[in-house]
Each structure stands twice: as structure tokens, then as C-alpha cells.
Amino acid sequence: MTTTDQPGGGCPFGHGAPAAAAEAPAGHHGYEPFAMKDPFPSYAELREEQPVMFDERVGLYVVTRYDDIKAVFDDWETFSSENAQKPVRERGPQATAVMNEGGFTAYSGLSARRPPEHTRIRAVAQKAFTPRRYKALEPAIRANVVSQIEAMLARGEASGERTGEMIADLAYTVPTVTILTLIGADVSMVDTFKRWSDSRAAMTWGDLSDEEQVPHAHNMVEYWNECQRLVAAAKENGQDSLTGDLVKAQAEGAEITDHEIASLLYSLLFAGHETTTTLIANSMRVLLQHRDQWESLVEDPKKIPGAIDEVLRYSGSIVGWRRKALQDTEVGGVPIPEGAELILLMGSANRDGERFENADSFDIARPNAREHLSFGFGIHYCLGNMLAKLQAKIALEEVARLVPQLEVTDPQDITFRENISFRVPETVPVAWAPATAGTITNQEA
């Protein structure tokens, strides 16, 4: 199966409404599937009024309560992950032709696979994706973070404006260089991999017209060809990298194919930096808007790990993920027919007052912040969560050390990319002054 396999249907996104959809109460309660500026009020309304809602606009049951979402994640036998990477909007004929002619056969590394296939491939990946390997990257990550911050400060001082932008100046480059180094890819190709990743996000989770899909389709072909080339190069030359580890494991008898290794790279070269870029950006954005907590963290950097988990809970990179019902079932008392597709709003679950006290408040000392669902739950729990947290931790440590007076400017003007799953700020503008920064009003969603 490839990611080009699509169901037909009558709605604009290629999904037909399940036969039992009418049994779920109608209404959207302000929820807009692709709007990410401030989705939390609509999440709260849904949790209160309609915790399981069928949204005919995207052909998905929208699930919003913590306990329901955790239960669905945990029940992989009833709720399949096979649709996790399926384009939300059906791929148009022009883009399909480009990808078919280009030999695009990429499939999910792990997130859209089911046992026993998932179990087999994850077992091999876990032996390669070890703490030893990415902990060895820690000095290089820190040096890169320091270099990026110092360059931002130098540019700001030279211009006399003392301003910067936390995505372009820090969060864009660091996670991409890290994952390219881990994979054994060319670290000079940061911009290329970012371009490919933007296309993958737009094609899978965005709302593009047929014409808008075409340039992204070309990028997807290039991206997949590079993943296959990396596997071939590692097999031919040997390599001290995660790709080399996977190829070596295969040579020693591990049950994994070249296509499956390339598909793992296809996933890791996206997930390994895109969500970490967003985590770093959101960490700076949220913490700097809660000045007392930022200053507390500056005074005691040991609070940083807890702060990262609270950012993941309060403003996670991924706010929605999909599942498919393999049999007639129910969620939250609402009947779900076989074949129905769901979107689990982890961004809503993480603000559920039944699980988190004062859930709409940001608190880096929250005792149960680690119970967030931003990395998923169950057999598909994010394989790279420790690497993501490590990079965010280093970034916060070094910003706190080098420019503790940093402020986020005009937070109310920050915009977010429109898509159904990822809450990604377009920019996080910042400024600093020689003296300690003034107090900033908390105003984040």
C-alpha cells in the first residue's frame, strides 16, 4: 500500500459520511478543522457540549476528551492507525500523475502501520534509535544552539534594533541539522529538507486545490528519491549513522526491507525536525509571555524539563491525529460505525479539566504535566520524544544563559499555519535590550 491509496466519497475532502454519522449530534461549536490561531475555546465547547462530533466537512468524528482519546490510542485492535498519513484532501489527478510517474511509493515509517508489521519494524528501529546515539550528539547540538543565538545577537546589535525571530534564527536550523546528522544525510541541505517537509505537511494535512498540489508533488518525489538514495549509499559505503545501523541490522538478519528503511527515513526526516522546530518555537513563545515563570526558569534551569512538558501540554506541536474504526464500536457513548475515521484532538485532551487542574493556565510547576498526550499513547508513542526534549532543553538553557532579557514582541499578531493536525507559528519575533526587560502581559492561547 502507498500513500496514494485513497477512498472515494461525496464530501470535498474525498470522504463519504459514515452511515451512522447522523447518530452523532450535529453542530460544530466554533470548531474549524484547519484554523490554528486559537482553537482552544472551541475545544472547550466541544468537550462540554459534544465530546464526540461528526464533522461532515472533513468526514471525521472529532474526539475531544482526555479519557476517550487515551482509550482510542490504547485500543489499536479496534482503532487502526492506517489513515494517520493519508491526505486529508483527496489528491488531485495532476499531483497523482506527477507522483506516479516519479516512482513515489513512500509509506509511513511507523505511525500508519499496524501490528504485526508495526511491531516488527519498530523493534528494529528501536535498536538503532538509541539514547546512546543521540546523547552523543548533545555537544554538537549545544554548540549549534550557541552559534545560532550568538549570530542572532550579533545581527541585532549590528543593526541597532536588537531584534530577532526565534524560528528563523534558532528553531529552523538546529533540529534539522540534528536529524540530518543522525540519519547520515548532507547537513548542507537544511533548506532543501525543509522545503520537502513543508510540501509533505501541506499535501497530507493541508487543504490545497488540485493546482496548488502540483509543485508539492514534485517535491515529494524528490524527497522520496533522496530517502532511497541514502539507504543505497549506506549499503554501499557503510556509515556510522542511524541509517547505517538499520542497514547493518538488516545484513545481520533483521527482518526489514530496503523500502521499509527508506520509509523510516521518510518519516524521521520529517517528524525528526518539524515538530521539534515547533516545540522550540512554542517554548520560547509561551514562556516569554509568562514573564514570572520565564524568570523563575532563568534563576533555576533545573525547572526546564518540567517547563517543556508543560509547553507540550499547553501548546503542543501536534493537536490532532487520526484513527480508523475497524469494527462497529463507540466512543464516549456515541456509536462509531466500521470504516469511520476519527481525529483525536490531543490539543483538547491536554486542556481537559477532568485531568488537569486549572487546565487553561500555564504552570511550569504543574505536577502532572507529563501526562499530556502530545506524543500519543500506546504502541505508537513517539519514538523520538527524548531527542525532541533534549534539543528543547538545550535551546532553553542557552537562551536563558545568553539573553535572559529576551521578550516576544506583538504576540497577538503571531499567525499559525492552516492545517488539521499541527499548530505551527509562522514567526516568533523577539527583542532584547541591555537592561532587564519589562513585564509582559500574559495573552497567549
Listed by range, helices (runs of 4 or more DSSP H) wholly within the range 79-142 having at least 1 residues that are at pLDDT 90 or above and either under 23 Å from residue 247 (Cβ atoms) or among the aliphatic types (A, V, I, L, M) (or both) are 93-101, 117-128
Looking only at residues in the range 373-400 that are assigned to a loop (DSSP other than H, G, I, E, B) and under 14 Å from the mean Cα position of the chain (by Cα), which one is farthest from residue 322 (Cα to Cα)?
384
Which pairs have Cβ atoms under 7 Å, sit 6 or more apart or on different chains, and link a residue in the range 13-42 that is modelled with pLDDT of 50 or more and assigned to a loop (DSSP other than H, G, I, E, B) to one that is surrounded by 14 or more Cβ atoms within 10 Å (Cβ to Cβ) and small (Gly, Ala, Ser)?
29/42; 30/42; 31/42; 38/445; 39/347
Out of curiosity, is residue 214 out of contact with any Asp or Glu (no Cβ under 9 Å at 6 or more places or on another chain), in a helix (DSSP H, G or I), more than 21 Å from residue 274 (Cβ to Cβ) and touching a residue at least 24 places away in the same chain (Cβ under 8 Å)?
yes
Between a first residue in the range 197-208 that is surrounded by fewer than 20 Cβ atoms within 10 Å (Cβ to Cβ) and a second residue that is assigned to a helix (DSSP H, G or I) and of a type in the set (Phe, Trp, Tyr), which pairs have beta carbons less than 9 Å apart while being 6 or more apart in sequence or on different chains?
201/270
Filter the range 265-278 for residues that are farther than 17 Å from residue 228 by Cα, at pLDDT below 90 and of a type outside the set (A, V, I, L, M); the one that is surrounded by the fewest Cβ atoms within 10 Å (Cβ to Cβ) is 274
Scan the range 171-183 and give yes if some residue there is modelled with pLDDT under 95, outside any helix (DSSP H, G or I) and closer than 23 Å to residue 389 by Cα, otherwise no.
yes
Output for Cβ contacts, cut-off 8 Å, separation at least six or different chains, first residue touching a residue at least 12 places away in the same chain (Cβ under 8 Å) and of a type in the set (D, E, K, R) in the range 229-243, second buried (at least 17 other Cβ atoms within 10 Å of the Cβ) and part of a helix (DSSP H, G or I), reads 235/247
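The values are calculated or read from the model by the stated rules, or taken from the named source; none is laboratory data. Note that the structure is predicted; figures quoted are calculated from it, not measured. Glycine also receives a Cβ, built like all others from the backbone with ideal geometry; neighbour counts cover every protein chain displayed.
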